[in-house]
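A short worksheet on the structure shown next.
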Amino acid sequence: MAATSRTLSYDHLLTTTADKIHKSGAIQNAITSSNPTFAELMTKGRIKKKTVGGDQIRVGLMYQHNGTISSYSDYDQIDVTPQDGITTMYVPWAQYGGAVSISGIQKFKNMGKEAIADLLKEKITQTTAGWSEKLNADLWDIAGRQATHPYSGNGGKNVIGFPIYIQDAAEVAGDVYDIGHIDQSVETWWNNKTGTPSVDTYFALQAAMRSMYNNCSQGPGGKPDLVMADQVSYEIYETGMDDQIRYSFKDKASVGFENIAFKGAKMMWDGYVPDAGTPGNGALATGSALAEGSMYFINTKTMTLYVGKDHDWKPRGFQTPVDQDASTSLYLAYLQLVCDNRRKNGVIQDIEPTIVS
């Protein structure tokens, strides 16, 4: 009985300590600030906890403005025609899970509340790094996509990533991914902007970037405020840029991350940004250089990473199975990336990695 009581006591201690760490926000903050993509979403307030469940996430989409707006004088009649122009998209929740385990011998070697708490913190730090790496890879996954709903990698179980919402020219033209069951070939208002392929000089790259920025800025809804590139394309632009316009943002999200100001947007690089045109995943995912580079022009106001209530990396409590000398707690997250206005986003593809002039 003594051994059983000790085991239960340690499990309770581990559980309460893990709960305290979770309630402090340390896990969420560590995950969302450890890479440039997550850091930008967090700083812009685009990571939101959804307190209401539901089978899927409901997203309202506006495809047409109110046509009754007009000038008038005196007793002119004002147009009161009922307006449509709003439709709805539904996206599924993506479920992610991980585990923190501590063996019996580790408990034995770290007897005492402080020692076991320190060990748990180390385990959580290790697990948090894994969460951040996995989610960032999935947010930029392109090779694992499938052409059937819900399109994302791992048989549709992964989050819907940026390259699914912001598709390359061939995919938009070929109507490959009907996001939200909306036919891109018919409902062209839903399409993202695409850049001219074969960018092979500094001049061509800068011209393509200006054009993409302006195209994404047309109409209401704001301008791109984030340009995410692969490392090589970022360095090419940095090299070919006039030193006099090499400004960087100094906000909290930029700490530790290289960035350049392009017009009104912050330009950064992420090792998982893929080759949009081939397609191939980013260099961090493949371990090799991309055949060609890409730049994603993102209006973060149109992007939201929803996290489910009580499924925000919350630990489920440590338990020791009857046939194992170890205690394990699951960490679960229900989340999904949602875009409610794809036409305010775009991608430049086929950037030659050998540009020198």
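Using alpha-carbon pairs under 8 Å, 6+ residues apart, how would you state the relative contact order of the stretch 98-238 in percent? Before the final figure, lay out each step's value.
Numbers: 108 pairs, mean separation 16.5, N = 141.
Result for the stretch 98-238 is 12 percent.
Straight Cα distances below 21 angstrom link Lys263 to the lysines Lys44, Lys193, Lys223, Lys250, Lys252, Lys301, Lys344, with same-chain residues fewer than 8 positions distant left out.
Take each complete run of DSSP H in the chain, measure how far its Cα atoms stretch along the helix's own axis, and keep only those covering 27 Å or more with mean Kyte-Doolittle hydropathy at least 1.0; list them. Membrane-span-like by this rule: not one helix.
Nonpolar atom fraction for the stretch 275-335, defined as the carbon and sulfur part of the 1.4 Å probe accessible area, stands at 51 percent.
Which residues make up the longest stretch of the chain clear of GluC sites (Glu not before Pro) that lie in a DSSP loop with no more than 16 other Cβ atoms within 10 Å, not counting the sites?
Values: sites that count: Glu187, Glu258.
Between the exposed loop sites, the longest stretch runs 1-186.
For percent of Cα pairs over 25 Å apart, one of [x] 56; [y] 59; [z] 49 was computed from the structure I shared and the rest are decoys. Which label? Of the labelled values, this structure produces [y].
List the aspartates and glutamates whose Cα lies under 16 Å from the Cα of Lys123, skipping any in the same chain that are fewer than 8 positions away. Here the aspartates and glutamates satisfying the reach criterion relative to Lys123 are Asp11, Asp19, Glu114, Glu133.
If the limit is 26 Å between Cα atoms, which of Lys157/Lys314; Lys107/Lys134; Lys48/Lys157; Lys20/Lys266; Lys50/Lys113 go over it? Numbers along the way, then the final one.
Working: Lys157/Lys314 20 Å; Lys107/Lys134 28 Å; Lys48/Lys157 20 Å; Lys20/Lys266 35 Å; Lys50/Lys113 35 Å.
Lys107/Lys134; Lys20/Lys266; Lys50/Lys113, as the Cα separations exceed 26 Å there.
The values are calculated or read from the model by the stated rules, or taken from the named source; none is laboratory data. Given the structure is predicted, the values throughout are model-derived calculations rather than measurements. Here Cβ is always computed from backbone atoms with ideal geometry, including for glycine, and neighbour counts include all displayed protein chains. What goes into the accessible areas is simple: the full protein's heavy atoms, side chains included, and nothing from ligands, DNA or RNA. Shrake-Rupley method; radii C 1.70, N 1.55, O 1.52, S 1.80 Å.
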